[in-house]
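Below is one structure; the comments refer to it alone.
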Amino acid sequence: MESHDYEVIVVGAGHAGCEAALAAARMGCKTLLITLSLDGIALMPCNPSIGGPAKAQLVREIDALGGEMGINIDKARIQIRMLNTGRGPAVQAMRAQADKEVYQKEMTRTLLAQENLELLEAEVERIEADSGQVEAVVTDSGDRYRTKALVLTTGTYLKGRIIIGDISYEGGPHPLPAATKLSENLRELGFAMGRHKTGTPPRVARESIDFTRTEEQPGDDRILNFSYMSPKKKKPQVSCWLTHSTPRTHEIVMQNIHRSPLYTGVIKGTGTRYCPSFEDKVVQFADKDSHQIFIEPEGLHTDEMYIQGMNTSLPEDVQLAVLHSIPGLENARVLKRGYAIEYDYVVPSQLRLTLETREIHGLFTAGQVNGTSGYEEAAAQGLIAGINAARQVKGQEPFILKRSEAFTGVMIDDLTTKGINEPYRLLTSRAEYRLLLRQDNADLRLTRMGYQLGLVKEDRFRRLQQKVEKMAEVRQEMEEYRIKPGHPEVEALLAERDQGRLRDAVTIWELLRRPEIGMDDLVQAGLVSEEVEEEIRSQLEIECKYEGYIKKQVEQVERFERMEAKRIPEGIDYDEVPGLSNESRVKLKEVRPESIGQASRTPGVSVADVNVLLIYLEKKRRSSEHERGFAEVQGTAAGRE
Amino acid sequence: MEDTIAAIATPSGEGGIAIVRVSGENAIELVDKIFLPVAGGRSLQERAGYSMGLGWVLDREGQKVDEVLVSVMRGPRSYTTEDVVEINCHGGLLPARRCLEEVLHRGVRLAEPGEFTRRAFINGRLDLSQAEAVIDVIRSRTDKGMRIALRQLEGGPGRKLREIEERLIGINARIEASIDFPEEVGDVDEEAAARELLEVGRELEQILDVSRRGRIYRQGIKVVIAGKPNVGKSSLLNALLQENKAIVTDIPGTTRDVVEDYLNIRGIPVRVMDTAGWRETKDVVEKIGVERTREVIAEADVVIVVLDVGAGISQEDLDIRDLLAGKKTIVLVNKEDLPEKRITTQELEEMFGDWPVIRGSVKEDMGLEELEQAIEKLVLRGEVQADDMEMMVNLRHEEALHQAKVHMEAAKMALEADLSLDCLAVDVWGALEALGEATGRNLREDVIDRIFEEFCIGK
Ligand SMILES: Nc1nc2c(ncn2[C@@H]2O[C@H](COP(=O)(O)OP(=O)(O)O)[C@@H](O)[C@H]2O)c(=O)[nH]1
C-alpha cells in the first residue's frame, strides 16, 4: 500500500469537482483530483445548455469569484440568448447552448495546465477518518492518498441505478459506471443518505429529423458573454428547433403507462417537479393535449440532437413510438435512449454553510451529491467547498456568502437550513433580495472577495476598481449636472416622446428616471459621453430606474444582516435551553444553525423560540464572563501571595 | 440599538390610563411625527431625557386621536436601555389602540410578545437571575397569543383571510413562473393580474374595515346578560347600546349564533353577548339549551344576572344562579318602577351572597349608571382584565392586513406605471409576506409549490 500526501483531494471531476479542484489549487494547495474516468471530465450528461434564470446568476457569480464555468462555456458555446428581456433587469438571464465535447476538452485542458493540481483516474472506495478528522481516501486498487481536506463531488454516481422500462442496472450517467462502495462507506461513517431520481431524454440523429416541420429558434444577434474576462467578440450561432407533442403522442403514453417504472413502482427515488418525465406531464396535466419539445444540438461536430422536454424511462419501443408521433420526428432514429437514474445523496442538513460536514472535520461535499440538480448549482457549490477546504488547510476563516450577497448563498443556506424532498433547483423566486442579486452586477458584488481569496488576479481586480470608480464618477456627474429648460437636445427628445417641455431645471439622473427616457437617449443627446462603456451605462440605468425598489431591498438587507451577525456558538446544547418548543428543539438539533438569522429560517422555529434562544445565549455569555472575571480575581490573589 | 418596536403596555389598574410604549433606534423621531405638543411645548426630539410633554396624537389627516402625556427616556437610561417613548392615553384602551396604530403606520414594528423584556434582559437591564422568568413571560404570552390567534383564524373572517392568501399565492405563482420558466409559461397576462390585484385589494380593504370596527375578532371584556325570560334583558342591552354609542353595527356575511355588540364603557371596550334568539324566544334555556348557555357564560368575563322585581325570585332564577358559580356577577333587580315589589334585600343576600346588587329600572333609566360603574370597578380593580393580549393579537392581524394592503397599492401603481415584472414581484411578495405574518406562515414555499401544481414545467 502506497501513501501519497496532499493538502486537498477532490473526488469526482464533474462540474462541482472541477471548480473545487481549481479553486484549491489556485489558492496554493497541493491538490489531487480523482475521477472514475479522465474522459468524463466536466461531462454534461443531460441538457446541452448552461444558464437560464437563477442559473445564469450563479455562473456569473462563479466567474466573479474567479471560477471557471463562465470562461469555459464562453469557449464552448454554439448559441447564446438573453432570456427575460421584457421582465426586468433583475431577472434577465443568459443561456448558452454548449458543444458538449468542446466543453469537456476545454475544461480538461484547463485542469491539466493548472499548477498545484494533479489528476488521477481511479474509483475511491473508502474515506478514512480519525477521531472526526478526515485522513485519507483509499481507491479500488488499494492505494491510499493522505489529505488534510477532502471534497466529495460524486454527482449522481453514488449507488447509481439506471432504469429503462422494465430493465434496470447499476450505473452512473451514460456511459460511466456507478460508485457503490463509497455510498456504503458514507453510511458507515454515520451520514444520513437520501435517494433521488432524475432522468434524461433520448438523443436522435440529426439527419433523421425533418426540420421543416419545426420552428427555428436562433440565438441573439449581439455580443453576450458569461465571463467578464472573455473576449468580446461575436461567434457563429447555431439554432435550436421547437416542435410539439400531439394528442396521438399522449395516447401512446397512456396506452403504455403500465410499463413505466414510475408507475410500476420500480422507481423509488423522489423525482423533480421542475423536470418531470414526459409521462408524468401527460398524466398530471391531462387537460393539455400538447407539450413543447425543443430539439437542441449537442455540438457542432456530432449528429446527436437532444430532445428537450422528453425525459422518459418508458421502454425503448414506446420511446420510439412516442417520438414518431411528433412533427419533425416521424422518422427519427434514436442514437441514445432516454433513461431514469436513481442515486444516493447526502442529506444536506448535515452540512455547515461552508459545505463541510459537521460529522467529519475536513470532509466537504458539493454538487448533486448534496441533493441538488443542475450543472450550475453543482459548480457554485464546488467552488465554495474548494475555497473552504483550502482556507481550512491554511488555517483561515471560513468563507460564507450570505443570502443577501449571492444566489450561491441563497442556495447553500436553503440546502443546509430547510431540508429538501426533491432534487433542489435554484429559482430566482427563492431569493428574497432578487433585485440586488442580478447577473449584471455579480462582479460588483463578488470580485473583490474573489481577489481577497486569491482567486481573482491583480489585472482583473484593477479592472473592477476602474469600473467602480468610473461608475461613481459618471453617476456623480449625472446627479450634479442640471439641464435648464430650453436645452435644445433635451427639449427635442422630450417633444419626440410626446412629453411636455421642461418647466424647471433637472439633473441628468432625474431625467433618466422618467420611464420614457433611456440611457441611449442621454448618450445621443450628448449628456453622457459615448466613451462610457456599455456595461457601465446599463448598470447606471438600472441603478437609476430602480432606485426606489433597490433602496427598499437594501433596507431589508440591513435588517436581515443584523440577525445573521448574531452567532450561535458551535457547541450549544439545545436540551439545556429552557422554554424552547419541542418541535423547534428537534429541528435546531438537526440543522444546528450558525446564526440567529439562520435559526429563524429553520422550519418549525417560531419567533418566540428565537427570542428564547437570544436570552439563553445572553445568559450564557454573562455567566461565562462572570466566571472569567472570577478566575481573574483569583489569579491576582494567587499572584500576590 | 435594534429596530423600533411598539406595543400597549399592561393597562390595568391605573384609572383608565393605557400606555403605548415605543422602543428602539428611531423611537423618538418616529413618535414625534404624530405628536403635536400643546401650544409652546417642545417636540420630543428637543426634550431632555426623562421628561414629560403634554399634547395630542394626530392621525394622518391631522385629526386629533387622543390627548396624551408623552414621556421620553433616552437610552441607556430606560427600561430597554434603548430610546423609549411612552404615550399615556387617558381615554383608556381604545384610544391607546388607535395611537398605537398611528405609530405603526409610521414604520414602527409591532413588538413580539415579551420583546421589551427580552431587550431589557439582553441589554443588561435585568440581571442573570431573571432570565428564566423572562423566558416564562415570552413563552406564556406567545402561547396564549397563539391560542387566541388560532381561535380567530378558525372563524369566518379567518376563512376569508385564507381565501385572500390563496389568491395572492396564485398571483405570485403566475409572476414567478413566468420569470423562472419563461419558455414554458410565457408572459403574465397583465390585465388579468391588474384586475385580480384590484379585487384582492378590495377584499383586503373589506376585512380590514370590518376588523377596524372591532367586530371581526374578539377583544375587550366580555359581558353576558343572563336571566329568565321577560325580566328585561333585551331592553337592558338596547339601553346600553343607546347610551354608549355602539362601536359597530352588524356585519353582513358573518354568521354567528351569538349576537354580540360592542360598547365603549368609560374607555373600556365591552362586548355584550346575548344568545341568538334571546329576543324572540320566551324560554331561553330550553331553546338554546343548557349546554350552550353554559358555554356562553363560560366565556364571559362579567355576567349581569337580571331579576324581575315584580315577578319575584323563582326556581328558574336560582337555576341560572347555579350556572354562574365562580363568575364575576352583578345582580340587576329590574323593573323597580313597578309598584309591586316581590324581592326583598334579605332574600337577595340569602340567595345571591356577596354579589353586588343594583336596583333599577331599564324603562326609567334608573341604575344604569350604577351598573356601568360596577363593571368599570371590576375591571379597574383588576378583578377582570380587559384582555390586552387579545387586543394585541387582533392588532397584529390588522397590522399585517394593513401592510399587505400598502403593498397591494404599490403593486397596482407598479402595474400602472408599466414597471417591469421583477419590481411588481417585490410588491406582490411584500403583500404575501405581510399576510403570512397574520397567519403565521412562511408562504414562499407555497408559491413555489403552486408553480409546479399549475404549470407544466420542464422543457
Ligand atoms: N315596567 C318595566 N318594564 C320593563 C322594564 N324593563 C323591561 N320591561 C318590559 O318587560 C318586558 C320583557 O322585556 P325584555 O327586554 O323582552 O325581556 P327579556 O325576555 O329578558 O329579554 C317588555 O315588555 C319590556 O318592556 C322595566 O324596567 N320596567
| task | Select from the stretch A:348-405 the residues that are small (Gly, Ala, Ser) and closer than 22 Å to A:Ile127 by Cβ and list them in ascending order. | result | A:Ser349, A:Gly362, A:Ala366, A:Gly367, A:Gly371, A:Ala378, A:Gly382, A:Ala385, A:Gly386, A:Ala389, A:Ala390
| query | Restricting attention to the stretch B:57-110, and to residues there that are surrounded by fewer than 18 Cβ atoms within 10 Å (Cβ to Cβ) and of a type in the set (A, V, I, L, M, F, W, C), which single residue is nearest to the chain's Cα centre (by Cα)? | reply | B:Leu58
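Can you tell me how many residues in the stretch B:111-151 are within 21 Å of the chain's Cα centre (by Cα) and not small (Gly, Ala, Ser)? So that I can check it myself, show each step before the final result.
Within the stretch B:111-151, the first condition is being within 21 Å of the chain's Cα centre (by Cα), and the residues that meet it are B:111-116, B:137-151.
Restricting the remaining residues to those that are not small (Gly, Ala, Ser) gives B:112-113, B:115-116, B:137-139, B:141-144, B:146-148, B:150-151.
Matching residues across the stretch B:111-151 total 16.
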| query | Restricting the search to the stretch B:424-459, which residues are assigned to a loop (DSSP other than H, G, I, E, B) and more than 10 Å from chain A (Cβ to nearest Cβ)? | reply | B:Arg441, B:Leu443
| note | Taking the stretch A:96-115 and keeping residues outside any helix (DSSP H, G or I), away from chain B (no Cβ under 14 Å) and not aliphatic (A, V, I, L, M) leaves A:Asp99, A:Gln114, A:Glu115
| Filter result (open to solvent by 20 Å² or more (accessible area, probe 1.4 Å) and more than 12 Å from chain B (Cβ to nearest Cβ)) within the stretch A:409-441 | A:Asp440
| remark: Taking the stretch A:150-170 and keeping residues at positive phi and either basic (Lys, Arg) or open to solvent by less than 10 Å² (accessible area, probe 1.4 Å) (or both) leaves A:Lys159, A:Gly165
| query | Which residues, taken from the stretch A:442-459, are open to solvent by less than 40 Å² (accessible area, probe 1.4 Å) and more than 30 Å from A:Arg87 (Cβ to Cβ)? | reply | A:Leu453, A:Leu455, A:Val456
| helices (runs of 4 or more DSSP H) (entirely within the stretch A:8-95) containing at least 2 residues that are touching a Ser or Thr at 6+ places or on another chain (Cβ under 9 Å) and among the small types (Gly, Ala, Ser) | A:15-26
| Sole residue being of a type in the set (Lys, Arg) and closer than 30 Å to A:Met310 by Cβ, chosen from B:Arg174, B:Arg202 | B:Arg174
| field | Check on A:Glu489, modelled with pLDDT of 95 or more and outside the structural domain of A:Gly88 (by TED's automatic domain parsing) | value | no
| task | State all residues of the stretch B:327-340 that are without any contact (Cβ under 8 Å) to a residue 60 or more places away in the chain and either touching a Leu at 6+ places or on another chain (Cβ under 6 Å) or within 16 Å of the ligand (Cβ to nearest atom) (or both); if no residue qualifies, say none. | result | B:Lys328, B:Ile330, B:Val331, B:Val333, B:Glu336, B:Asp337, B:Leu338, B:Pro339, B:Glu340
| field | Criterion violated by A:Ser373 - all others in (1) surrounded by fewer than 24 Cβ atoms within 10 Å (Cβ to Cβ); (2) touching a helix residue (DSSP H, G or I) at 6+ places or on another chain (Cβ under 7 Å) satisfied | value | (2)
| said: Can you report the number of residues in the stretch A:584-617 which are over 33 Å from the mean Cα position of the chain (by Cα) and within 17 Å of A:Gly571 (Cβ to Cβ)? | reply: 2
| Looking at the stretch A:523-579, which of the residues that are open to solvent by less than 20 Å² (accessible area, probe 1.4 Å) and not hydrophobic (A, V, I, L, M, F, W, C) is nearest to the other protein chains (Cβ to nearest Cβ)? | A:Gln553
| request: Considering every residue within the stretch B:144-164, establish whether at least one is modelled with pLDDT of 85 or more, closer than 17 Å to B:Leu435 by Cβ and among the polar types (S, T, N, Q). | output: no
| query | Any idea which residue in the stretch A:192-237 is nearest to A:Thr272 (Cα to Cα), counting only those that are in a loop (DSSP other than H, G, I, E, B) and among the small types (Gly, Ala, Ser)? | reply | A:Ala192
| said: Of the residues B:Asp143, B:Asp187, only one is under 29 Å from B:Ser23 (Cβ atoms), without any contact (Cβ under 8 Å) to a residue 12 or more places away in the chain and within 11 Å of chain A (Cβ to nearest Cβ); which? | reply: B:Asp143
| query | So which of A:Gly142, A:Gly88, A:Gly172 is assigned by TED's automatic domain parsing to the domain that holds A:Arg434 and closer than 25 Å to A:Asn47 by Cα? | reply | A:Gly172
| So, of the residues in the stretch B:233-243 that are crowded, with 21+ Cβ neighbours inside 10 Å and in contact (Cβ under 8 Å) with a residue 40 or more places away in the chain, which turns out to be nearest to the ligand (Cβ to nearest atom)? | B:Lys233
| note | Within the stretch B:341-379, of all residues that are open to solvent by less than 90 Å² (accessible area, probe 1.4 Å) and closer than 19 Å to B:Gln315 by Cβ, the one farthest from the ligand (Cβ to nearest atom) is B:Gly353
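Results for (1) at pLDDT 85 or above; (2) hydrophobic (A, V, I, L, M, F, W, C); (3) under 19 Å from the mean Cα position of the chain (by Cα), shown as yes or no for each residue.
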position: B:Ile169; (1), (2), (3): yes, yes, no
position: B:Asp189; (1), (2), (3): yes, no, no
position: B:Glu203; (1), (2), (3): yes, no, no
position: B:Val210; (1), (2), (3): no, yes, yes
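The values are calculated or read from the model by the stated rules, or taken from the named source; none is laboratory data. These figures come from a predicted structure and were not determined experimentally. Virtual Cβ from ideal backbone geometry, glycine too; neighbours counted across all protein chains shown. These accessible areas exclude ligands, DNA and RNA; they are computed on the full protein's heavy atoms, side chains included. Shrake-Rupley method; radii C 1.70, N 1.55, O 1.52, S 1.80 Å.
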